[in-house]
Amino acid sequence: MNTALITGITGQDGSYLAELLISKRYRVIGAVRDTQGAYARLPEELLGEVELVAWDMSSQSAMASVLERFRPTELYNFAGYSSGAGMYDDPVGIGDVNGLAVARILEAIREVDIGMRFCQASSREVFGDAVDYPQTECTLRNPRSPYGAAKLFADSLVKIYRQHYGVFASSAILFNHESPRRSLSFVTRKIAHEAARIKLGLATQLRLGNLDAQRDWGFAGDYVRAMWLMLQQPHADDYVVGTGVSHSVRGFCDYAFGCLGLDYRDYVREDQALHRPAESVRLVGCSAKVKRELGWVPQVGFKDLVHMMVDADLQTLSQQPANRRGKL
């Protein structure tokens, strides 16, 4: 039986990957900061299906002890600060957790078992002010935020450890990927959640930033499947994972509210104070390589993704007592 260790297992990506690996009869270990708190945050589908272990991103020796104990055949790293509005907050913390901690993981792998396979969850933010469109594995990296810079540092280490030390290490350069498990701090979930609340009479308005901002949105479950495929290959490499198609925030609103028989123009208001910096760059991922070399094809399209998110929030909110229905 293969054993996989997943950092950040309680998050969107980690939980979807855990479900995928369990379906493939893996033993799944979730590496978390606080095991008791993590049990409370696990999706119901994973309760009793995964093992949790304490994981310290600041301690290479503690990481090595966990790897020695469980001897995973595969390690997936989702832990760290997330993107979005927080990309500019706490640059030192972002640099340590999203960047330097990856060096600790790779060193721990070298110390315990160099045959262990490692996949780093990277980000489209490494491209920043991209000069190419769409972006490929060969596009110049030019991050514009502490988050993007830390992810680029981690990607560079992955390549160095692969080429110089012989570690089987891959970076998945993930473009925006969403699901009903997305945090409410992300615009897609914010839209789906508030559209459902408006439909139920629990809210009357949604304020957003730049409605014309463009994003390459895919389904998180599809993207973690691409990461699993990366570790099944004879050789490690880095891959861009995206849909190759961009949609505006306005378009997302239009379809999300339309799923509920509503016109978004009656409820959505653009707020200049909520505009994010550097929105003008169009980041769209070219996944020709991951499709060609790994046979990966996304299974959930944009409209199905939006419908999935809206339906999930509508169902959850409908089942909650009125005094527990969330507000933003």
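The values are calculated or read from the model by the stated rules, or taken from the named source; none is laboratory data. The structure presented is a predicted model; accordingly, all values stated were derived computationally and were not measured. Neighbour counts are summed over all protein chains in view; Cβ atoms, including those assigned to glycine, are modelled from backbone coordinates with ideal geometry.
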- Message: Scan segment 248-270 and tell me whether some residue there is aromatic (Phe, Trp, Tyr) and closer than 23 Å to residue 129 by Cα.
- Response: no
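Going by what's in this entry, would residue 94 be described as within 17 Å of residue 8 (Cα to Cα), in contact (Cβ under 8 Å) with a residue 40 or more places away in the chain and not basic (Lys, Arg)?
On the way: within 17 Å of residue 8 (Cα to Cα): yes; in contact (Cβ under 8 Å) with a residue 40 or more places away in the chain: yes; not basic (Lys, Arg): yes.
It is true that residue 94 is within 17 Å of residue 8 (Cα to Cα), in contact (Cβ under 8 Å) with a residue 40 or more places away in the chain and not basic (Lys, Arg).
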- Query: With respect to the numbered conditions (1) closer than 30 Å to residue 169 by Cα; (2) in a loop (DSSP other than H, G, I, E, B); (3) not small (Gly, Ala, Ser), which one is the sole condition not fulfilled by residue 229?
  - Reply: (2)
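For every residue, the table says whether it meets (1) more than 25 Å from residue 133 (Cα to Cα); (2) touching a His at 6+ places or on another chain (Cβ under 6 Å).
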residue	(1), (2)
178	no, no
204	yes, no
216	no, no
220	no, yes
226	no, no
242	no, no
246	no, no
- Going by the conditions given, is residue 266 of a type outside the set (S, T, N, Q) and at pLDDT below 95? no
- Message: Against the conditions (1) within 30 Å of residue 3 (Cβ to Cβ); (2) part of a loop (DSSP other than H, G, I, E, B); (3) touching a residue at least 60 places away in the same chain (Cβ under 8 Å), where does residue 144 fall short? Just the number, please.
- Response: (1)
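Residue by residue, here is whether (1) modelled with pLDDT of 95 or more; (2) out of contact with any Asp or Glu (no Cβ under 7 Å at 6 or more places or on another chain); (3) part of a loop (DSSP other than H, G, I, E, B) holds:
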residue	(1), (2), (3)
1	no, yes, yes
13	yes, yes, no
22	yes, no, no
40	no, yes, no
69	yes, yes, no
82	no, yes, yes
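Only one of 101, 64 is in a helix (DSSP H, G or I), within 30 Å of residue 188 (Cα to Cα) and in the same structural domain as residue 13 (by TED's automatic domain parsing); which? Break it down into steps so the answer makes sense when it comes.
Values: 64 fails: within 30 Å of residue 188 (Cα to Cα).
Being in a helix (DSSP H, G or I), within 30 Å of residue 188 (Cα to Cα) and in the same structural domain as residue 13 (by TED's automatic domain parsing) holds for just one of 101, 64, which is 101.
Go through segment 1-44 and count every residue that is within 22 Å of residue 218 (Cα to Cα) and touching a residue at least 12 places away in the same chain (Cβ under 8 Å).
Step one: list which residues in segment 1-44 are within 22 Å of residue 218 (Cα to Cα), which gives 6-21, 23, 43.
Checking the rest, the ones that are also touching a residue at least 12 places away in the same chain (Cβ under 8 Å) come to 6-21, 43.
Number satisfying all stated conditions: 17.
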- Query: So residue 162 fits all but one of (1) farther than 20 Å from residue 87 by Cβ; (2) in contact with a strand residue (DSSP E or B) (Cβ under 8 Å, 6 or more places away or on another chain); (3) assigned by TED's automatic domain parsing to the domain that holds residue 261; what number is the exception?
  - Reply: (3)
- Note on the structure: When segment 52-69 is checked residue by residue, the ones that are surrounded by 15 or more Cβ atoms within 10 Å (Cβ to Cβ) and among the acidic types (Asp, Glu) are 56
- Which numbered condition residue 288 fails, given (1) among the aliphatic types (A, V, I, L, M); (2) surrounded by fewer than 20 Cβ atoms within 10 Å (Cβ to Cβ); (3) touching a Cys at 6+ places or on another chain (Cβ under 8 Å); (4) closer than 30 Å to residue 159 by Cα: (3)
- Message: Among the listed residues 256, 236, 220, 192, identify the single one that is farther than 20 Å from residue 305 by Cα and among the aliphatic types (A, V, I, L, M).
- Response: 236
- Message: Checking the condition over 20 Å from the mean Cα position of the chain (by Cα), surrounded by fewer than 22 Cβ atoms within 10 Å (Cβ to Cβ) and at pLDDT below 95, which residue from 133, 165 passes?
- Response: 133
- Task: Enumerate the pairs (first residue in segment 186-208 and buried (at least 17 other Cβ atoms within 10 Å of the Cβ); second residue anywhere and in a strand (DSSP E or B)) with beta-carbon separation below 6 Å, excluding pairs fewer than 6 apart on the same chain, so at least 6 apart or on different chains.
- Result: 188/178; 194/206; 206/268
